[in-house]
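Structure, as structure tokens:
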Amino acid sequence: MNATDPTATGTTATGTAASAPAADGGPGALAPAPAPAPGDDPFAPSTGAVRVFAGTGLVLLVGAFLVTVVLMLRQSYAGDGAPGPLRELAMWSLSLSGLVGLWAMCLPGDAVGHRVRRGAVFVQYALMAGGPLLAAFDPS
């Protein structure tokens, strides 16, 4: 083999041996990547991102509250002067949404698991959507 021939196997243009990882698990072998745990989702957002979603839900909650109040006032003026029986459920849904959002955003990372925090943010958004929906379908 010629030391200056770059096509020679096992050598480089400078004549030194190529540093390829050993296939038999020797000192130059690369360690295999660790397998994810069965319950871990590699595409799940981080805890910080889930907290941002919870904070965004709290900001959106103000708009959902205003929409709910406008719907109830519209039903009060258009109907018999009082909103229907679902008005209390709509307000409870919005207030529980705020509490769940604060809980998901403010608790420390070691106090609650990541999956529970993600579920709480999902419940927060579902309760937030429930308020205006209950007010809209409220018979007066």
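Filter the stretch 64-81 down to residues that are hydroxyl-bearing (Ser, Thr, Tyr) and out of contact with any Gly (no Cβ under 8 Å at 6 or more places or on another chain), then give me how many there are.
2
Can you tell me which residue in the stretch 64-81 is farthest from the chain's Cα centre (by Cα), limited to those that are under 14 Å from Leu134 (Cα atoms), open to solvent by 60 Å² or more (accessible area, probe 1.4 Å) and in contact (Cβ under 8 Å) with a residue 24 or more places away in the chain?
Val67
Looking at the stretch 116-128 only, could you name the residues that are farther than 21 Å from Gly48 by Cβ and open to solvent by 50 Å² or more (accessible area, probe 1.4 Å)?
Residue satisfying the conditions is Ala126 alone.
Tell me, which residue of the stretch 98-113 that is in a helix (DSSP H, G or I) and open to solvent by less than 60 Å² (accessible area, probe 1.4 Å) is nearest to Thr56 (Cα to Cα)?
Taking the stretch 98-113 first, the residues in a helix (DSSP H, G or I) are 98-106.
Next, from what is left, pick out any that are open to solvent by less than 60 Å² (accessible area, probe 1.4 Å): 98, 100-101, 104.
On the way: Gly98: 11, Val100: 13, Gly101: 9, Ala104: 12 Å.
Looking at the filtered set, the residue picked out is Gly101.
Are any residues in the stretch 47-97 of a type outside the set (Gly, Ala, Ser) and in a loop (DSSP other than H, G, I, E, B), and if so, which ones?
Asp80, Pro83, Pro85, Leu86
The values are calculated or read from the model by the stated rules, or taken from the named source; none is laboratory data. All figures in this text were calculated on a predicted structure; none of them were measured in a lab. Using ideal geometry, Cβ is built from the backbone for each residue, glycine included, and neighbour counts are taken over all protein chains shown. In case anyone asks, the SASA skips ligands and DNA or RNA and just uses the protein heavy atoms, side chains included. Shrake-Rupley method; radii C 1.70, N 1.55, O 1.52, S 1.80 Å.
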